[in-house]
Amino acid sequence: MLWMLASLFFSWCAFREIRASIVAPPGFDYPTPITKPYLALVLFLAAAFAWPPLHTWYFQRRLSAIATELADQHRAKVHCNTLFDTMLDPEMLAAGHANPDTGDIGIQQPWCGTLMSYLRHPARADERELQSLDMFTHESMHVRGERNEALTECQAVQRNYRAAKLLGVPDATAKQNALDYYNGYYQLRAKIGGMQSAYYSDQCAPGKALDEHLSDSTWTTP
Ligand SMILES: [Zn+2]
């Protein structure tokens with residue numbers, strides 16, 4: 001919001017400069033010629049301040065469309081929280097949260113940025129970046145209608161491969177990333193115990209009770 005205000009301010013500076021070159025400003029008999037370096041600077045600043053909010057807005061729209069597809073067409077609406085939103089959020093400690101009734105998904109700071117950086121270099125994804133992919137798929141599963149955390153998480157691990165591909169990750173890398181999360185952090189949840197074990201089930205494995213036998217499951221070998 002502050003970025004947008006800054007952008008509007010510099011747009012107004014540019015507008016004033018151009019107007020003064022056409023219509024004589026008050027107290028002047030003739031229009032004043034444009035100061036080109038000044039105009040270039042304020043136009044540049046207007047664009048620079050508009051870029052981050054526009055980029056986030058575009059990213060949210062894209063995530064909303066993909067989350068809706070992952071949720072089997074239950075409409076999802078993703079919002080990347082700013083630091084301010086996160087501070088005011090009653091669920092500020094969770095990386096993300098979703099409301100199965102409204103389809104609203106809130107992603108906390110800095111997780112939208114982590115997901116963006118994952119998408120910039122998926123082949124070199126680190127642990128946190130893989131977690132950001134799973135967090136996105138997990139919240140989409142809540143929008144699909146699941147409320148139980150262990151079931152939600154198991155549905156997510158089976159769809160992380162699909163999710164990564166929908167996000168534009170190349171096929172082989174998407175498969176590897178999804179398997180790395182399943183074999184790595186997902187299994188670690190059982191060992192950590194405590195709150196983490198609420199997100200884990202030993203039945204979440206190929207051929208076990210929670211296997212949905214998806215044709216494009218993370219763990220299906222082609
Ligand atoms: Zn959850």
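Please find, among Phe49, Phe84, the residue that is over 18 Å from the mean Cα position of the chain (by Cα) and either within 16 Å of the ligand (Cβ to nearest atom) or open to solvent by 40 Å² or more (accessible area, probe 1.4 Å) (or both). So that I can check it myself, show each step before the final result.
Details: Phe84 fails: over 18 Å from the mean Cα position of the chain (by Cα).
Matching residue, one of Phe49, Phe84: Phe49.
What are the residues in region 204-215 that are open to solvent by 50 Å² or more (accessible area, probe 1.4 Å) and in contact (Cβ under 8 Å) with a residue 40 or more places away in the chain, if any?
Of all residues in region 204-215, those open to solvent by 50 Å² or more (accessible area, probe 1.4 Å) come to 206-209, 212-213, 215.
Matches in region 204-215: Glu212 only.
Return the residues of region 144-158 that are within 11 Å of the ligand (Cβ to nearest atom) and assigned to a helix (DSSP H, G or I); say none if nothing qualifies. Explain how you work it out, then say what you get.
Let us first name the residues in region 144-158 that are within 11 Å of the ligand (Cβ to nearest atom), namely 146-153, 155-156.
Glu149, Ala150, Leu151, Thr152, Glu153, Gln155, Ala156, listed by residue number.
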If you take the residues in region 1-34 that are of a type in the set (S, T, N, Q) and in contact with a helix residue (DSSP H, G or I) (Cβ under 7 Å, 6 or more places away or on another chain), which one is nearest to Phe84 (Cα to Cα)? Ser7
Any pair with Cβ under 7 angstrom, 6 or more apart, that starts in region 148-169 at a residue that is open to solvent by 20 Å² or more (accessible area, probe 1.4 Å) and ends at one that is among the acidic types (Asp, Glu) and part of a helix (DSSP H, G or I): Lys165/Asp171; Leu166/Glu69
All-but-one check, Val42 against (1) under 30 Å from Ile18 (Cα atoms); (2) out of contact with any Cys (no Cβ under 7 Å at 6 or more places or on another chain), failing number (2)
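Given the residues Thr137, Thr114, Thr218, Thr173, which is the only one that is open to solvent by less than 40 Å² (accessible area, probe 1.4 Å), under 20 Å from Ile66 (Cα atoms) and free of Cβ contacts under 8 Å to residues at least 40 places away in the same chain? Break it down stepwise before answering.
Numbers: Thr137 fails: free of Cβ contacts under 8 Å to residues at least 40 places away in the same chain; Thr218 fails: free of Cβ contacts under 8 Å to residues at least 40 places away in the same chain; Thr173 fails: free of Cβ contacts under 8 Å to residues at least 40 places away in the same chain.
Only one candidate passes the filter, namely Thr114.
The values are calculated or read from the model by the stated rules, or taken from the named source; none is laboratory data. Note that this is a predicted model, so its numbers are computed, not measured. Please note: Cβ atoms are built from the backbone with ideal geometry, for glycine as well, and neighbour counts cover all protein chains shown. All accessible areas refer to the heavy atoms of the entire protein, side chains included, with ligands and DNA or RNA removed. Shrake-Rupley method; radii C 1.70, N 1.55, O 1.52, S 1.80 Å.
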